[in-house]
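Below: one structure, written as structure tokens.
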Amino acid sequence: MEQRPSFRGSPWHSILESLLGQVERESTLRAVAELACKELQADRATVFVLDPARRTLKGVVALGVEGHPVEIALDFGSIAGFVALVERSIRVDDTHADLGAIDPRLKFCSR
């Protein structure tokens, strides 16, 4: 597995944090999710925000999903939790496949 440098602490991270502080957050994140869906030809997208004090990820934008965004534990039991913990992005084309092929710590969860 290729190790990538952490985005957190990089100049790009600082710029993004500064920009998000100056705009209406939900509409900006919704636009990012819509662009990501278009570029990746995805049917769904959820944008999560980290709550380090509660060790959770709170969904703030959900596209192509009925209901409201969810809150999930920050652990290896979900793709979003895994991505937040290892601080790198991944693309999963089949969420019902063996996710251990991506990383042995990542486990399938029917939630």
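Where a number appears in this text, it was derived from the coordinates with a stated rule and is not lab data. Fair warning: this is a prediction, and the values are worked out from it, not measured in the lab. We place every Cβ from the backbone using ideal geometry, glycine too, and count neighbours over all the protein chains shown.
Counting only residues 5 or more places away or on other chains, whose amide H sits under 5 Å from the amide H of Thr56 once H atoms are built in the peptide plane?
Amide H to amide H, under 5 Å and 5 or more residues apart or across chains, Thr56 pairs with Asp51, Leu74.
Can you list the residues, at least 5 places off or on another chain, whose amide H is less than 5 Å from the amide H of Glu71, using H built in the peptide plane?
Gly59
Report, largest value first, the span of the C-alpha coordinates of the chain along each principal axis, in whole Å.
The Cα atoms of the chain stretch 40, 34, 31 Å along the principal axes, largest first.
So what are the ³J(HN,Hα) numbers for region 13-24, from phi and the Karplus equation (6.51, -1.76, 1.60; θ = phi - 60°), rounded to whole Hz, Gly and Pro as x?
Karplus-based 3J(HN,Hα) across region 13-24 equals 5, 4, 5, 4, 4, 5, 5, 5, x, 9, 10, 6 Hz.
How much mean residue ellipticity at 222 nm does the chain get from its helices, if each DSSP H run of length 4 or more adds -39500 (n - 2.57) and you divide by all residues, to the nearest 500 deg cm²/dmol?
Working: 3 runs with 34 residues, N = 111.
Counting only the DSSP helices, I get -9500 deg cm²/dmol.
Looking at the chain, identify the longest residue range that excludes and avoids all GluC sites (Glu not before Pro) in DSSP loops having at most 15 other Cβ atoms within 10 Å.
That gives 25-65 as the longest site-free run.
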